[in-house]
Amino acid sequence: MGTKHKTPLLDDLEKGPFPSFVTEIKKAAEHSEYAQDLLGQLELSFKEKVTHWKHGGIVGVRGYGSGVIGRYSDVPEEFPGVAHFHTLRVNSPSGFFYSTKALREICEVWDKYGSGLTNMHGSTGDIILLGTKTENLEPVFAELSSRGWDLGGSGSAVRTPSCCVGQARCEWSNIDTMAITHDITHHYQDEMHRPAFPYKFKFKVAGCAIDCIASIARADMSIIGTWKGDIQIDQDEVKAYAAAGMDIQKEIVELCPTGCMSWDGSELKINNEDCNRCMHCIAKMAKALRPGPEKGATILLGSKAPIVTGALMSWVIVPFMKMEPPYEEFYDLVDRIWEWWDEYGKNRERIGELIERLGFPRFLKEVGIEPHPAMVKEPRRDPFFFWSEEDIEK
Amino acid sequence: MGTKHKTPLLDDLEKGPFPSFVTEIKKAAEHSEYAQDLLGQLELSFKEKVTHWKHGGIVGVRGYGSGVIGRYSDVPEEFPGVAHFHTLRVNSPSGFFYSTKALREICEVWDKYGSGLTNMHGSTGDIILLGTKTENLEPVFAELSSRGWDLGGSGSAVRTPSCCVGQARCEWSNIDTMAITHDITHHYQDEMHRPAFPYKFKFKVAGCAIDCIASIARADMSIIGTWKGDIQIDQDEVKAYAAAGMDIQKEIVELCPTGCMSWDGSELKINNEDCNRCMHCIAKMAKALRPGPEKGATILLGSKAPIVTGALMSWVIVPFMKMEPPYEEFYDLVDRIWEWWDEYGKNRERIGELIERLGFPRFLKEVGIEPHPAMVKEPRRDPFFFWSEEDIEK
Amino acid sequence: MAELPQRQTDIGPPHYEQFLPPVIKKNYGKWIYHEELGPGYMVHVAESGDRVWTVRVASPRLLSTDTIKEICDIADKHCDGYLRFTTRNNIEFMVDDESKVEPLMKELKEKGYMIGGIGSRISNVVHTQGWVHCHSAATDASGIVKALMDELHEYFTSKDLQARVRLAVACCVNMCGAVHCSDIAIVGVHKTPPRIEHERLRNLCEIPSTVASCPTSAISPDPQKKSVKIKLEKCMYCGNCYSVCPSMPIADPKNDGVAIVVGGKVSNMRSHPMFSKLAIPWLPNNPPRWPEVVDAVRKILDAYIADARKHERVGEWIERIGWEKFFKLTNLEFKLQHVDDFTFARETWRMAATFKW
Amino acid sequence: MAELPQRQTDIGPPHYEQFLPPVIKKNYGKWIYHEELGPGYMVHVAESGDRVWTVRVASPRLLSTDTIKEICDIADKHCDGYLRFTTRNNIEFMVDDESKVEPLMKELKEKGYMIGGIGSRISNVVHTQGWVHCHSAATDASGIVKALMDELHEYFTSKDLQARVRLAVACCVNMCGAVHCSDIAIVGVHKTPPRIEHERLRNLCEIPSTVASCPTSAISPDPQKKSVKIKLEKCMYCGNCYSVCPSMPIADPKNDGVAIVVGGKVSNMRSHPMFSKLAIPWLPNNPPRWPEVVDAVRKILDAYIADARKHERVGEWIERIGWEKFFKLTNLEFKLQHVDDFTFARETWRMAATFKW
Ligand code: SRM
Ligand code: SRM
Ligand code: SRM
Ligand code: SRM
Ligand code: SF4
Ligand code: SF4
Ligand code: SF4
Ligand code: SF4
Ligand code: SF4
Ligand code: SF4
Ligand code: SF4
Ligand code: SF4
């Protein structure tokens, strides 16, 4: 095979030090017609400055409403290899660890039925198998699922949960992010594969407030590990950092957002009552400081991209929850939230948008969550608020 | 005369160290039936925990649409003295300075025709003559206007402008607040007395960012003095403050919001490029520091109380304007703003609310004001914005 | 009415210059610094070397002409016949010589005037009409101010605070006082929806503007009754409909009361101006002395006094410690009502995993 | 299809445990600290004394199976057959002995892999499909990323910065990347309204949901045409209608382009998470290398490098100096488009008299 289209514009992107996606497509084009025509169509887009994909149609695998993104070329005559070019979203394992054996198996299937192109990974965290035709969807699914793989979410469903590396390789993880993510994923298989929600729902799990999975920006529910109790200080190690040249006053104490630290040149003190667990001091002095003893998670709700009324970040709805199997309290909460969303949510209305439309206090009341100052940056300003019957004197 | 009603609840408020408004009403009640019945009705309100005033009717003086607030009792049989109890808003002089002669004249008129009760001053800044009946309005107005006084604003009109004491007694005033206020008031007599706007429009003038007239919270247009150029430092006086015990590092340098100051124990340095003219250092070291040389004002627009969509503070629309007679640039700006408000404003829609509804960029464009970063705390976040024909390639 | 003098219109207020004390007039725009000499007096120094001493006294704002005449007497005696009011309704007497200060202050004290309010203290309470003159009032204003200042007067006359603490009272959410940007403020609130007097409404009110007045769109036309109806669960008792249509009275003696808001400021010093935020959604109207309200203000003030740093306004203090800590230190309950669901609610939610236990 | 194996459903992803390198599995949850050893490798130390060295390499994310197989070869050779991807799509190779690091890195370098991205640097660019696979794209994503990283690769491989600078690219305002909370990000934007294909619309789209899709209520039904119409002056080209209704294409090669947003962050370290804000409303699509875009990012990055303090993220830097200074230092023009008029506009206006000249 080889490249059958001239791609001068794309070729330019093979130059330069950073690894080139064009080279990747060309590699695949060596043995895939899909990839060859993808090159061609992409060159056309680069030339014309416009996409050549049509609005996706509904395609999928039997019994599932999700996991496949349908995609058709608007210039199929020119590029028949991408006339259909659907992607499969394969649910990645928690933490994105792989054995080479498993990866090779996926490659094998994909070389057989698809373009030989992937995204490792999609922004949500799926393994994206990039481009095949409709009739190959079932075979790919059969091959993969028989080897232990399943599809992730798409459409108005639970989307593939993802997490930071957590306790697998990080000293700061207050929760077992990978176990939680795995459990959630398996708990909600039906909700993931058969879209029945008003819109998508994403879970992301981070082990601490550093949030290496960006959960606060892009998960309808963000689960972020935290602790209660005092930060553990090893004063000798603190001194070692100082001796090694760290300006503890300037780099640590003065950058503590709550101003709860002090350093007299030999002892580092923390007024833990005022600490908001931002992780700065701990991250900068990993050997000397460790999170406090009582571990759990803060549950936040609602983040999403700007469409329609502006981007949201997740905000606190449960300040502290133990996250231990079987996660009953957690699943119970999620179920109550979904019930409410299901009752009031409009089509294509994310949970955060719904709460915004109907009011956060109403959400709290109807879902049965106690108000807590941690939920707000500040209380309301304008004195316009509601009372219930029981608050009124008749 | 004397008190004709029993007022046990109000009497309690004659006790205690702070001057008592009840005592004031009683004083007036010595020679005014209005005041007597006001006491009676007020006692009733204290007892029943409810106002006894009816929604005001439209009353006023001939040729004016404003300056009088109509007020009627809902228990006129019991308290005939307050059956009508209208207030007159008399336009105070800039800066609230008075000669005793002038004050006595007002008292004389008010003793003759009114309750003998006043508010010095109303929240907008008027002299409030508190309570008289409809037929007395014309006489009060004739007596006062013949002595050089006029009514202030009410209704959908320019409201009585007011200002801080400014250059009359404050070393920091960058503009002549009293002269400006006086000029605006006289410039807009017609707009003040004959309501023709969508809603009220308030001007308030402060000499510096300390804003002793609270203009930023309660003026549709806030004029706040400021400067360009370097803060003037008298290093000897700085040292004198230090010698007198001021901790310059802690009280000044560390509280500077922009972090643009430094103090090495003998010299105070200011990186004026970074100063935002917050006035902290100047106010705390009045002898040592003085505002920079080029004086003018920042013009801000839009503050108001929370009804209907929430409180607004005024925000910057012109970063710097020289405020010197005849204030042409200023009046031209105001006229353009009013024209726009007049064209698009709904009934009872303040200028700030209108801008919010139609969009600040649109306001800037249509009123002809150049965008400037000083107008915003931060640029927009979501990338949803408009382009004009001239920005588009056809 | 024949004896009435010739009325004039649109003459505007008299020119301020005629009301300026000579020392002020002479040194207008030429002041170079000032010094606070005590809780109630200060001196301003001019380039010329001239000085003006100002003595400030409290006023209940609601003044009888008798009292005004009395202060005129004092000003005539000590101040060449001039005086001024401050933007917070205090009275200022100015003299041009140090020797005149003492006799002035002596007489003021003798006559029972309360000297103070200058500097980092509690100055007069900006407030509104209340039951004295407004139809819209959910509480009284003057009564609360008196009760409050009787309790806090020492912070006017002598004790100082970390910074100015500006108090304000507004008798309804129209907020004619500067409640929305005050350190600690009180606002009259309703707790129940307006009642519709259909008969009167038909004649008195315009239906479209009544419907339009409601910020939550709770009001809709009721064509059958030729009146309007209210979706009760949408009403947050703002009373704006009543402002527009008198046939929708909202006053309800059993349930009207006050809310306490805190942390607002106006000055740009150090920090930007701040809106007040809700601290206590509702306290009962208990005239004549509103003990629950006075207690609550005291509690908040005490927490501030105990914990704030020098020069720190209430709002700056709370921003530093965080609202979760504020509720802890003041021992106030955090309720559903504190959680914003109005126009800009979302900017108030804690979009961060960081907060204090 | 007879040869196909038995399909299974709802089995979920395989358990992660089987994919953990032995040293990770053994010390799971028992790590006590780590050290950054260079731009592209670090060591984590466990309670047991065990260590794991991680070497990170860049990836274009769009990977051919050939490349995946190649990295599998490397992992087989050096890492007992395990590897992982990071949340920003880099590839991580882990070894359990210091002696294995050198040979691993050597082979990676030989094979042309770019090692780096750890610590206060620029890591991989989170991005989206673009013209490679999406119908919605106003620009390409992979192309911009490649052009950008060719320019900035030194900040991946060697040079360090005051803090992490997270870059992201999204090809339309759906923002499948984390653009809305990135230090410097690029988002594809349209500049002209969608065109309505009335014929197709009738059959393809639901009118009510199409009307409802518009955030600015620019769309209304057009009963005559049995289609919809757009109030052009209300359209801000978000493309949401096109997401809902394929017969309203919005792509416009002449006017599509990208916006640059800055100052967002996700971590709660020191400061709370921040949204990105608009820095440049529009730059043209100039494939293959988008020189204007690359220049602009460079300009912003250079201003950051020149002025920010240690540990300060882009957003923290701008918060400290103020946006007015940001525009000055970057020499970017402040335009009408920067002034917010969307949902939460008012919270962005400068309600203060304090700003920098
Ligand atoms: C593949 C992926 C981008 C990528 O290159 O990685 C992607 C691709 C699409 N996204 Fe996305 N989104 C992807 C992650 C995201 C994320 C990030 C995340 O999940 O962490 C977001 C932002 C977070 C959020 O959910 O808000 C995101 C926000 C959107 C939105 C806006 C939703 C909103 O409520 O604002 C849309 C529009 C829609 O749903 O109609 C959208 C829609 C789409 C569609 C389905 C286009 C459409 O309108 O139908 C894209 C299909 C492209 C294609 O042909 O392959 N995508 N999308 C990501 C999924 C891969 C995976 O499963 O791993
Ligand atoms: C007398 C005064 C209160 C006082 O005790 O000092 C006052 C009294 C009234 N105000 Fe006010 N306002 C007064 C200053 C203010 C201020 C403060 C200011 O001007 O600095 C405000 C807040 C700033 C602002 O303008 O937003 C204020 C915001 C309102 C509002 C809310 C307007 C809004 O757009 O949010 C209303 C409601 C209305 O206009 O319908 C209102 C309406 C009223 C009415 C006319 C009641 C009504 O609904 O018709 C009150 C008449 C009371 C009476 O019977 O005497 N008053 N009002 C103040 C005027 C005295 C003067 O002229 O000097
Ligand atoms: C007389 C008056 C102006 C007037 O035209 O009447 C005035 C006069 C002065 N103010 Fe003021 N302010 C006056 C109302 C205000 C207001 C408006 C208000 O309260 O409604 C404010 C804004 C309050 C706010 O932010 O909420 C105000 C905030 C200040 C501040 C800033 C305080 C802060 O920490 O934020 C200063 C500066 C300082 O003293 O450090 C100041 C400083 C001053 C100085 C020192 C200015 C000077 O050099 O003359 C004056 C000394 C008097 C003093 O200490 O009270 N003045 N001052 C007002 C007296 C009101 C009263 O009777 O108490
Ligand atoms: C491997 C990875 C987690 C994973 O599950 O894959 C990871 C791993 C670590 N991160 Fe992270 N972060 C990873 C994505 C993130 C993200 C998410 C993102 O970029 O989308 C963030 C949030 C970025 C943001 O705020 O916008 C993130 C913000 C941080 C920070 C905080 C930086 C800050 O100044 O705000 C630290 C703390 C520090 O190093 O001081 C940190 C620290 C760390 C540590 C040191 C934690 C540890 O002890 O192991 C890890 C070292 C690696 C390093 O320096 O890159 N990591 N880190 C992710 C690597 C991505 C990559 O390939 O570059
Ligand atoms: S979010 Fe916290 S626990 Fe997770 S990898 Fe990052 S630093 Fe570690
Ligand atoms: S975790 Fe953050 S808030 Fe807590 S002590 Fe450390 S730096 Fe301060
Ligand atoms: S606002 Fe400024 S100029 Fe006016 S009185 Fe206050 S401190 Fe003086
Ligand atoms: S005026 Fe304010 S910002 Fe300027 S130097 Fe003084 S304290 Fe700093
Ligand atoms: S605050 Fe309300 S009740 Fe009080 S005077 Fe103003 S409008 Fe009347
Ligand atoms: S009180 Fe306010 S919220 Fe209630 S119906 Fe009237 S206008 Fe609407
Ligand atoms: S950002 Fe837009 S164009 Fe890019 S993949 Fe997502 S939906 Fe498609
Ligand atoms: S592009 Fe967006 S704003 Fe324009 S019509 Fe479509 S949905 Fe409305």
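Considering region B:207-223 alone, what residues qualify as being near ligand 7 (Cβ under 8 Å from one of its atoms) and at the interface with another protein chain (Cβ under 8 Å from one of its Cβ atoms)? Show your work before the answer.
If we filter region B:207-223 for residues that are near ligand 7 (Cβ under 8 Å from one of its atoms), which is where we start, we get B:207-213.
Of everything in region B:207-223, those that are near ligand 7 (Cβ under 8 Å from one of its atoms) and at the interface with another protein chain (Cβ under 8 Å from one of its Cβ atoms) turn out to be B:A209, B:I210, B:D211, B:C212, B:I213.
Yes/no matrix, rows are residues, columns are (1) at the interface with chain D (Cβ under 8 Å from one of its Cβ atoms); (2) within 21 Å of A:H186 (Cβ to Cβ); (3) surrounded by 21 or more Cβ atoms within 10 Å (Cβ to Cβ); (4) free of Cβ contacts under 8 Å to residues at least 24 places away in the same chain:
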| position | (1), (2), (3), (4) |
| --- | --- |
| A:E77 | no, no, no, yes |
| A:V109 | no, no, yes, no |
| A:G114 | no, no, yes, no |
| A:I127 | no, yes, yes, no |
| A:V140 | no, no, yes, no |
| A:P161 | no, yes, yes, no |
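Write out, first by first residue and then by second, each pair whose Cβ atoms fall under 6 Å of each other, whose residues are 6+ apart or on separate chains, and whose first residue, in region A:280-302, is small (G, A, S) while the second is buried (at least 23 other Cβ atoms within 10 Å of the Cβ) and in a loop (DSSP other than H, G, I, E, B).
A:A297/A:I175; A:G302/A:S314
Tell me, yes or no, whether region B:39-59 has at least one residue that is β-branched (V, I, T), under 29 Å from the mean Cα position of the chain (by Cα), closer than 24 Å to C:C172 by Cα and more than 8 Å from chain C (Cβ to nearest Cβ).
Looking for residues that are β-branched (V, I, T), under 29 Å from the mean Cα position of the chain (by Cα), closer than 24 Å to C:C172 by Cα and more than 8 Å from chain C (Cβ to nearest Cβ), one finds at least one in region B:39-59, hence yes.
Out of B:C256, B:C260, B:C275, I need the residue that is more than 16 Å from ligand 2 (Cβ to nearest atom), among the hydrophobic types (A, V, I, L, M, F, W, C) and within 10 Å of chain C (Cβ to nearest Cβ). Which one?
Answer to the selection: B:C256.
Results for (1) crowded, with 24+ Cβ neighbours inside 10 Å; (2) within 20 Å of C:P288 (Cβ to Cβ); (3) more than 26 Å from the chain's Cα centre (by Cα), shown as yes or no for each residue.
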site	(1), (2), (3)
C:G38	no, no, no
C:V45	no, no, yes
C:R51	no, no, yes
C:S64	yes, yes, no
C:K69	no, no, no
C:D97	no, no, yes
C:K109	no, no, no
C:H127	yes, yes, no
C:G143	yes, yes, no
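Which of the residues spanning region C:198-240 are basic (K, R) and in a helix (DSSP H, G or I)?
C:R200, C:R202, C:K234
Count, please, the residues in region D:1-41 that happen to be touching a residue at least 24 places away in the same chain (Cβ under 8 Å), in a strand (DSSP E or B) and either over 30 Å from D:K111 (Cβ atoms) or within 10 Å of chain A (Cβ to nearest Cβ) (or both).
Total satisfying the criteria: 1.
Every residue, every condition in (1) under 30 Å from C:E319 (Cβ atoms); (2) surrounded by fewer than 21 Cβ atoms within 10 Å (Cβ to Cβ); (3) more than 16 Å from ligand 8 (Cβ to nearest atom), yes or no:
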{"site": "C:Q224", "(1), (2), (3)": "no, yes, yes"}
{"site": "C:N240", "(1), (2), (3)": "no, no, yes"}
{"site": "C:P246", "(1), (2), (3)": "no, yes, yes"}
{"site": "C:S276", "(1), (2), (3)": "yes, no, yes"}
{"site": "C:V293", "(1), (2), (3)": "yes, no, yes"}
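Report yes if some residue within region D:144-164 is among the small types (G, A, S) and either assigned to a helix (DSSP H, G or I) or within 16 Å of ligand 10 (Cβ to nearest atom) (or both); otherwise report no.
Narrowing region D:144-164 to residues among the small types (G, A, S): D:147, D:158, D:163.
Filter again for either assigned to a helix (DSSP H, G or I) or within 16 Å of ligand 10 (Cβ to nearest atom) (or both), leaving D:147.
Yes, the conditions are met somewhere in region D:144-164.
Among residues belonging to region B:1-38 that are among the aromatic types (F, W, Y) and within 9 Å of chain C (Cβ to nearest Cβ), point out the one that is farthest from C:G188 (Cα to Cα).
B:F18
Let me spell it out: the conditions are (1) in contact with a Lys or Arg (Cβ under 6 Å, 6 or more places away or on another chain); (2) more than 14 Å from ligand 8 (Cβ to nearest atom), and B:N174 meets all of them except one. Which number is the exception?
(2)
I'm trying to understand the selection: among the residues of region B:28-59, which are β-branched (V, I, T) and closer than 28 Å to B:E108 by Cα? Even if it seems obvious, please write down each step before you answer.
Keep residues of region B:28-59 that are β-branched (V, I, T), which gives B:50-51, B:58-59.
Residues satisfying the conditions are B:I58, B:V59.
Of the residues that make up region A:339-350, is at least one touching a residue at least 40 places away in the same chain (Cβ under 8 Å), within 9 Å of another protein chain (Cβ to nearest Cβ) and either in a helix (DSSP H, G or I) or surrounded by 17 or more Cβ atoms within 10 Å (Cβ to Cβ) (or both)? Explain how you work it out, then say what you get.
Kept after step one, since they are touching a residue at least 40 places away in the same chain (Cβ under 8 Å), are these residues of region A:339-350: A:341-342, A:345-350.
Adding the requirement that they be within 9 Å of another protein chain (Cβ to nearest Cβ) leaves A:346-348.
Still in the list and also either in a helix (DSSP H, G or I) or surrounded by 17 or more Cβ atoms within 10 Å (Cβ to Cβ) (or both): A:348.
Checking region A:339-350: at least one residue is touching a residue at least 40 places away in the same chain (Cβ under 8 Å), within 9 Å of another protein chain (Cβ to nearest Cβ) and either in a helix (DSSP H, G or I) or surrounded by 17 or more Cβ atoms within 10 Å (Cβ to Cβ) (or both).
Could you say whether any residue in region C:245-254 is away from ligand 2 (no atom under 16 Å from the Cβ) and not acidic (D, E)?
Checked region C:245-254: at least one residue is away from ligand 2 (no atom under 16 Å from the Cβ) and not acidic (D, E).
Check A:K394, A:K287 and return the single one that is among the charged types (D, E, K, R) and within 30 Å of A:Q232 (Cβ to Cβ).
A:K287
Would you check if B:R348 is at positive phi and away from ligand 1 (no atom under 16 Å from the Cβ)?
Here the answer is yes, as B:R348 does meet what is asked.
Mind listing whichever residues of region D:329-350 are in a helix (DSSP H, G or I), at the interface with chain B (Cβ under 8 Å from one of its Cβ atoms) and touching a residue at least 24 places away in the same chain (Cβ under 8 Å)?
Selection gives D:Q337, D:H338.
Can you name every residue in region D:140-157 that is at the interface with chain A (Cβ under 8 Å from one of its Cβ atoms) and either away from ligand 4 (no atom under 16 Å from the Cβ) or farther than 26 Å from D:E292 by Cα (or both)?
Selection gives D:D140, D:S142, D:G143, D:K146, D:A147, D:D150.
Give just the number: which of (1) surrounded by fewer than 24 Cβ atoms within 10 Å (Cβ to Cβ); (2) part of a helix (DSSP H, G or I); (3) touching a residue at least 12 places away in the same chain (Cβ under 8 Å); (4) not assigned by TED's automatic domain parsing to the domain that holds B:M261 does B:M178 not satisfy?
Going through (1) surrounded by fewer than 24 Cβ atoms within 10 Å (Cβ to Cβ); (2) part of a helix (DSSP H, G or I); (3) touching a residue at least 12 places away in the same chain (Cβ under 8 Å); (4) not assigned by TED's automatic domain parsing to the domain that holds B:M261 one by one, B:M178 breaks only (1).
Where in region B:250-316 are there strands (runs of 3 or more DSSP E), lying fully within it, with 1 or more residues that are of a type in the set (V, I, T) and modelled with pLDDT of 95 or more?
Details: elements: B:261-263, B:268-270, B:294-301.
Passing ranges, in order: B:268-270, B:294-301.
Cβ-Cβ below 7 Å, separation at least six or inter-chain, first residue in region D:203-231 and in contact (Cβ under 8 Å) with a residue 12 or more places away in the chain and closer than 18 Å to A:V308 by Cα, second small (G, A, S) and away from ligand 11 (no atom under 16 Å from the Cβ): which pairs?
Within 7 Å, the pairs are D:V211/D:S220; D:I230/D:A218; D:K231/D:A218.
Which condition number in (1) small (G, A, S); (2) part of a strand (DSSP E or B); (3) within 16 Å of ligand 4 (Cβ to nearest atom) is the one that D:S271 fails?
(2)
State all residues of region A:185-207 that are surrounded by fewer than 23 Cβ atoms within 10 Å (Cβ to Cβ), in a helix (DSSP H, G or I) and in contact (Cβ under 8 Å) with a residue 12 or more places away in the chain; if no residue qualifies, say none.
Once the filter is applied, which keeps residues that are surrounded by fewer than 23 Cβ atoms within 10 Å (Cβ to Cβ), in a helix (DSSP H, G or I) and in contact (Cβ under 8 Å) with a residue 12 or more places away in the chain, region A:185-207 yields A:H187, A:Q189, A:E191.
Do the conditions hold for A:T118, that is, is it surrounded by fewer than 23 Cβ atoms within 10 Å (Cβ to Cβ) and either outside the structural domain of A:K54 (by TED's automatic domain parsing) or of a type in the set (S, T, Y) (or both)?
no
Any idea which residue in region C:158-198 is farthest from the other protein chains (Cβ to nearest Cβ), counting only those that are of a type in the set (G, A, S), out of contact with any Asp or Glu (no Cβ under 7 Å at 6 or more places or on another chain) and under 21 Å from C:E312 (Cα atoms)?
C:S158
Of all residues in region A:363-389, how many are at the interface with another protein chain (Cβ under 7 Å from one of its Cβ atoms) and under 15 Å from C:W349 (Cβ atoms)?
Selection size over region A:363-389: 12.
The values are calculated or read from the model by the stated rules, or taken from the named source; none is laboratory data. Computed from a predicted model, the values in this text were never measured in an experiment. Note that we place each Cβ from the backbone using ideal geometry, even for glycine, and neighbour counts take in every protein chain shown.
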